1. Out of contact with any Leu (no Cβ under 7 Å at 6 or more places or on another chain), within 30 Å of residue 101 (Cα to Cα), more than 14 Å from the ligand (Cβ to nearest atom) and in contact (Cβ under 8 Å) with a residue 60 or more places away in the chain, is that true of residue 278?
2. Picking from 259, 268, which residue would you name as being within 25 Å of residue 61 (Cβ to Cβ) and more than 16 Å from the ligand (Cβ to nearest atom)?
3. Every residue in the stretch 117-133 that is more than 15 Å from the chain's Cα centre (by Cα) and surrounded by 15 or more Cβ atoms within 10 Å (Cβ to Cβ), please.
4. Going through 112, 19, 119, 26 one at a time, which residue ends up being farther than 30 Å from residue 190 by Cα and of a type in the set (D, E, K, R)?
5. Restricting attention to the stretch 164-175, does a residue exist that is part of a helix (DSSP H, G or I), free of Cβ contacts under 8 Å to residues at least 12 places away in the same chain and within 16 Å of the ligand (Cβ to nearest atom)?
6. Give the stretch 97-116 a look and list any residue that's of a type in the set (Ser, Thr, Tyr) and open to solvent by 10 Å² or more (accessible area, probe 1.4 Å), or say none.
7. Enumerate the pairs (first residue in the stretch 217-243 and away from the ligand (no atom under 16 Å from the Cβ); second residue anywhere and acidic (Asp, Glu)) with beta-carbon separation below 6 Å, excluding pairs fewer than 6 apart on the same chain, so at least 6 apart or on different chains.
Amino acid sequence: MKLMSVPETAEKIKSMEIRGAGRIARAAAEALRDHALATQAASYPVFKTKMGQAADLLVATRPTAVSLPNAVHMVMAGLDGVKTVEEARFGVVQRADQFIQSSHHAVENIARFGASHIRDGDTILTHCNSEVALGCIIEAHRSGKDIEVFATEVRPRNQGYITIRALNDAGIKTNFIVDSAVRSFINDIDLVIVGADAVTVNGAVVNKIGTSMVAHTAKEARVNMIVAAETYKFAPRTIIGEFIQIEERGPDEVLPEAVRKTLPNVTVRNPAFDVTPAEFIDLIVTEAGAIPPQMAYVIIKEHLGWDITEFT
Ligand code: RUB
């Protein structure tokens with residue numbers, strides 16, 4: 001098995017070859033594990049510094065998916081309590097493997113819990129490409145429910161193509177629509193299911209740009225919206241008032257440079273995510289069970305084990 005270096009993984013996350021909040025988190029944990037295995041250090045402080053530099057490089061790749069710093073925090077936790085390089089190396093490898101395994105379990109459990117919210121005959125709308133949201137839909141189909149899906153295109157990076165390929169391969173009847181067609185079809189929809197890059201302490205969900213427009217449209221049409229999110233997508237630092245940084249990507253994703261050159265008065269804006277307030281979300285399905293968004297603090301404090309002392 002080829003070990004992937006930290007700069008290689010960082011580049012793949014930046015360029016979105018590795019994308020989606022869960023996959024990004026697992027890739028970072030894997031890179032830290034491989035780095036710990038490959039790192040030569042004459043002393044424990046040197047090892048710790050090298051691991052810290054690798055962690056910083058990974059966390060800096062994409063700013064919005066909280067799963068990334070959460071995974072890195074979990075893998076790096078405990079590095080302070082050891083004395084030797086070997087002990088430190090062993091700890092990192094163990095915690096990284098544990099994170100990766102528990103992430104896979106979380107995805108499986110969310111699929112089961114989420115599928116039970118889908119009824120036989122439902123038509124579901126999903127936006128972007130979320131492995132957990134898709135997991136719920138595919139599990140509902142697998143368990144024999146007759147369902148149909150509307151999937152959006154997801155400009156500018158077209159993650160909808162990945163979604164429709166997965167739905168098609170699972171044998172699910174799927175309609176592919178442009179993002180701006182959501183309102184035209186909302187009355188055909190029984191349930192909206194999306195994933196999350198971050199869930200804040202007040203239950204707001206940060207997800208692919210356009211999610212909040214979908215949520216507004218669903219609310220107006222009285223269509224329920226559920227969010228599938230592992231607990232490591234909840235953002236601990238929002239309990240001390242930190243905001244989630246919304247990544248703004250380059251203009252080339254939206255309009256080629258050759259065209260932009262002819263439009264000197266036009267600036268392309270390209271935020272990759274937006275924020276859907278809690279009141280637009282009926283339920284967040286986590287591996288610890290389904291919760292109303294207003295219970296986000298409980299997940300941060302009791303499940304992730306963060307409280308205010310972490311910040312003092
Ligand atoms: C992906 C996106 C996904 C969440 C959840 O954005 O917004 O809905 O990350 O995905 P991008 P998952 O393509 O810019 O990374 O459920 O797979 O973690």
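The values are calculated or read from the model by the stated rules, or taken from the named source; none is laboratory data. Because the structure is a prediction, the values reported are computed rather than measured. Positions of Cβ are backbone-derived with ideal geometry, glycine not excepted, and every protein chain shown enters the neighbour counts. The area values use the complete protein model at the heavy-atom level, side chains included, leaving out ligands, DNA and RNA. Shrake-Rupley method; radii C 1.70, N 1.55, O 1.52, S 1.80 Å.
1. Working: out of contact with any Leu (no Cβ under 7 Å at 6 or more places or on another chain): yes; within 30 Å of residue 101 (Cα to Cα): yes; more than 14 Å from the ligand (Cβ to nearest atom): yes; in contact (Cβ under 8 Å) with a residue 60 or more places away in the chain: yes.
Taking the combined requirement at face value, the residue satisfies it.
2. On the way: 259 fails: within 25 Å of residue 61 (Cβ to Cβ).
Step by step, each of 259, 268 is checked, and only 268 is within 25 Å of residue 61 (Cβ to Cβ) and more than 16 Å from the ligand (Cβ to nearest atom).
3. Our first condition is that a residue be more than 15 Å from the chain's Cα centre (by Cα); within the stretch 117-133, this holds for 117-125.
Of everything in the stretch 117-133, those that are more than 15 Å from the chain's Cα centre (by Cα) and surrounded by 15 or more Cβ atoms within 10 Å (Cβ to Cβ) turn out to be 117, 118, 122, 123, 124, 125.
4. Details: 112 fails: farther than 30 Å from residue 190 by Cα; 19 fails: farther than 30 Å from residue 190 by Cα; 119 fails: farther than 30 Å from residue 190 by Cα.
Exactly one of 112, 19, 119, 26 is farther than 30 Å from residue 190 by Cα and of a type in the set (D, E, K, R), namely 26.
5. To start, the set of residues in the stretch 164-175 that are part of a helix (DSSP H, G or I) comprises 164-169.
Checking which are free of Cβ contacts under 8 Å to residues at least 12 places away in the same chain leaves us with 165, 168-169.
Within this subset, residues satisfying the condition of being within 16 Å of the ligand (Cβ to nearest atom) are 165.
The answer is yes; a qualifying residue exists.
6. Initial filter on the stretch 97-116 (of a type in the set (Ser, Thr, Tyr)): 102-103, 116.
Hits for the stretch 97-116 are 102, 116.
7. 224/282
Quick grid of which residues meet (1) in contact with a helix residue (DSSP H, G or I) (Cβ under 6 Å, 6 or more places away or on another chain); (2) touching a residue at least 40 places away in the same chain (Cβ under 8 Å); (3) away from the ligand (no atom under 14 Å from the Cβ):
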site: 92; (1), (2), (3): yes, yes, yes
site: 97; (1), (2), (3): no, yes, yes
site: 103; (1), (2), (3): yes, yes, no
site: 106; (1), (2), (3): no, yes, no
site: 110; (1), (2), (3): yes, yes, no
site: 116; (1), (2), (3): no, no, yes
site: 119; (1), (2), (3): no, yes, yes
site: 127; (1), (2), (3): yes, yes, no
site: 132; (1), (2), (3): yes, yes, no
